[in-house]
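Report on the following structure.
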Amino acid sequence: MRKPGEFRRVYENGRRFEGRFMTVFIVPSETDFQRLGITASKKAVGNAVNRNRAKRLLREAFRLSKAELNEFDGKFDWVLNARRSLLKVKLEKPLEEFRQIVAKVKNSDLNKGEEIVEAQAK
């Protein structure tokens, strides 16, 4: 995801999942694939080097979780917001946290089918 309107739609209509290293917003997607948007603000994370590292870590956690994401009934738009604590750890901890959030989403009402997408489209 790249356009501000796409991010805004996820923030306004999506569900929020808090973690120690990231905040995840998720909303059912109209596309046939999982879409990812990542934010790492200067206020939350720091200078450009830190923001780029945070985005790389989140992108890699998403990539390594493709198997879990493909188990969903539908496809979703994901927005991952980096937190400063992400900079103090290696990939394993954010990956574990993202997989825990994916498991929460899998058990939630978001994974129950297409009726949610149709209701939000109206």
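Readers should treat all values here as calculations from the given coordinates under stated rules, not as data from a laboratory. This one's a predicted model, so the numbers in the text were calculated from it and none came from an experiment. In this analysis, Cβ positions are derived from the backbone assuming ideal geometry, glycine residues included, and neighbour counts consider all displayed protein chains.
Numbers for the structure displayed
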| item | result |
| --- | --- |
| Hz values of 3J(HN,Hα) by residue in the range 56-64 - Karplus curve (6.51, -1.76, 1.60), Gly and Pro given as x | 4, 4, 5, 4, 5, 4, 5, 4, 6 |
| Lysine pairs in the range 4-114 with Cα atoms under 15 Å, if 8 or more residues apart or on separate chains | 10 |
| Ranked 10, 49, 89, 105, criterion: other C-beta atoms within 10 Å, fewest first | 49, 89, 105, 10 |
| Footprinting exposure proxy for 109, 77 (fewest neighbouring C-beta atoms within 10 Å first) | 109, 77 |
| Over the chain: Kirkwood hydrodynamic radius from C-alpha pairwise inverse distances, Å | 14.6 Å |
| Order of 87, 64, 69 - criterion: other Cβ atoms within 10 Å of each residue's Cβ, fewest first | 64, 87, 69 |
| Spacing of the two label points (7 Å from each Cα toward its C-beta) at residue 107 and residue 32, in nm | 3.3 nm |
| Residues residue 59 and residue 6, FRET efficiency given R0 of 25 Å [Cβ-Cβ distance, rounded to 0.05] | 0.90 |
| Relative contact order, percent, the range 4-114 [alpha-carbon distance under 8 Å, six or more residues apart] | 35 percent |
